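Data block below; observations after.
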Amino acid sequence: MSVKLDDIDLGILRLLQKDANLSIDTISERVALSRNACWRRIKQYEEVGLIQQRVALLDADQLNLSLVVMVMIRAASHGKEWMDQFHRVICHMPEVVGAYRMTGDLDYILRVRVSDIAAYDRFYKTLTERIEIGDVSASFVMEELKEGTELPI
């Protein structure tokens, strides 16, 4: 379902993307809207699924998850059964923090967070034990230049 958004809506959403802990009073003051009207709009965003969830962003380095690996996969099959199984497998592997079905030479790219090369090797072995893969390769991220959660609204 699509919601028609005005400038006030976009302002509220920008503020919430930066800090979901802002009070209704602070948000309403910054977008020049009454407290109740602001609260009603936020509730509507949640009801229609525009706001999907509110989360805490954690520091991966402090949690010993500083290695980011981009895993490129070619499917063993392109049938529905294989794709469904692949989806189930990766959804049950917490190391996978992003998964994308692609066009072109690769079928899937996974963004994986682990502590080190040994942890990636364990991830790789578990993945390939759980599902047959046509080909898999990985690139280790040397430097994160930009990582974000805010959509460009």
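None of the figures in this text is laboratory data; all of them are computed from the coordinates on show. In this text, all values refer to a predicted model and were calculated from it rather than measured experimentally. Reconstructed Cβ throughout: ideal geometry from the backbone, glycine too, with neighbour counts over all protein chains shown.
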In debye to the nearest 20, the charge dipole size for the chain, taken about the Cα centre with +1 at each Lys and Arg Cβ and -1 at each Asp and Glu Cβ, equals 480 debye
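Please go through the residue pairs Lys125/Lys146; Lys4/Lys43; Lys43/Lys146 and name each one whose alpha carbons sit more than 24 Å apart in this structure. If you can, show how the numbers build up before the last one.
Values: Lys125/Lys146 29 Å; Lys4/Lys43 15 Å; Lys43/Lys146 31 Å.
Long pairs (Cα-Cα over 24 Å): Lys125/Lys146; Lys43/Lys146.
How much mean residue ellipticity at 222 nm does the chain get from its helices, if each DSSP H run of length 4 or more adds -39500 (n - 2.57) and you divide by all residues, to the nearest 500 deg cm²/dmol? The partial results should precede the final answer.
Working: 5 runs with 59 residues, N = 153.
Calculated mean residue ellipticity at 222 nm is -12000 deg cm²/dmol.
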The range 86-153, relative contact order [Cα under 8 Å, separation at least 6], %:
24 percent
Got a sec? Charge dipole of the chain, +1 on Cβ for Lys and Arg, -1 for Asp and Glu; which of Ile27, Trp82, Met142 is way out at the positive end?
Ile27
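What's the longest piece of the chain with no exposed trypsin sites (Lys or Arg not before Pro), counting a site as exposed if DSSP puts it in a loop and it has at most 11 other beta carbons within 10 Å?
55-145
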